[in-house]
Amino acid sequence: LQAQPAIPDPLWSRGLGDVYKRQVMMHGPYKKRLGEQIIEEGIFYYGLKHGRWVRFNRSDILQDKEFFSLGWYSESIRFFWDTEKKKMKEIIPVRFGERQGKYYAFHENGDVAATGEFSFDKPVGTWTEYFKSGKKKREINYKQSSFNLNESFITREWNINGKLIYDRSLFIRE
């Protein structure tokens, strides 16, 4: 799999072996300790969480166990532009059978096409779409709570040159 460069995660690599300014990419076994006690344990694969990750409390009681595949929850649904599965088209984060977490879609050139977040199988918060040039296309707002049944609405939209052509806040009276 080829790493996608535009994902805003401090541990995300722009290609195998790259190093960010002022921080080194993690690779290999990882143990977070509080004194001699292990609080979190897992494996990094070139800056991406991979395999089984566990977290413990101060009494050594298991708090959380997660499974990752190259930085994504292992249950996540992946779509690709090519049959070799090197150019990712879309990744839908799935955890415990429900869409849960950050969503990403990519243009065929690898740039981000859309970002958003799922909570309890529903889109929440602000979703952003991008043109192939990387400029913003539109922002769609969903309610912050997945239990709220209100519809989504477009908050802002830009043309291909980056000029704002619609801003919902200009039409709302306060």
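The values are calculated or read from the model by the stated rules, or taken from the named source; none is laboratory data. Just so it is clear, the model here is predicted, and its values are computed rather than measured. Virtual Cβ from ideal backbone geometry, glycine too; neighbours counted across all protein chains shown. In case anyone asks, the SASA skips ligands and DNA or RNA and just uses the protein heavy atoms, side chains included. Shrake-Rupley method; radii C 1.70, N 1.55, O 1.52, S 1.80 Å.
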Keeping to the range 24-75, report how many residues are among the polar types (S, T, N, Q), surrounded by fewer than 14 Cβ atoms within 10 Å (Cβ to Cβ) and either within 20 Å of the chain's Cα centre (by Cα) or closer than 22 Å to Gly101 by Cβ (or both). 1
Does Gly101 meet the test of being closer than 26 Å to Ile154 by Cβ and under 11 Å from the mean Cα position of the chain (by Cα)? yes
Looking at the range 128-158 only, could you name the residues that are at pLDDT 85 or above, farther than 17 Å from Tyr104 by Cα and among the polar types (S, T, N, Q)? Thr155
Criterion violated by Ser145 - all others in (1) open to solvent by 70 Å² or more (accessible area, probe 1.4 Å); (2) farther than 30 Å from Met26 by Cα; (3) outside any strand (DSSP E or B) satisfied: (1)
Quick one: count up the residues across the range 83-97 that are at pLDDT 90 or above and either open to solvent by less than 60 Å² (accessible area, probe 1.4 Å) or among the acidic types (Asp, Glu) (or both). 5
Sole residue being of a type in the set (Phe, Trp, Tyr) and over 15 Å from the mean Cα position of the chain (by Cα), chosen from Trp158, Trp127: Trp158
For Phe79, indicate whether it is touching an Asp or Glu at 6+ places or on another chain (Cβ under 7 Å) and hydrophobic (A, V, I, L, M, F, W, C). yes
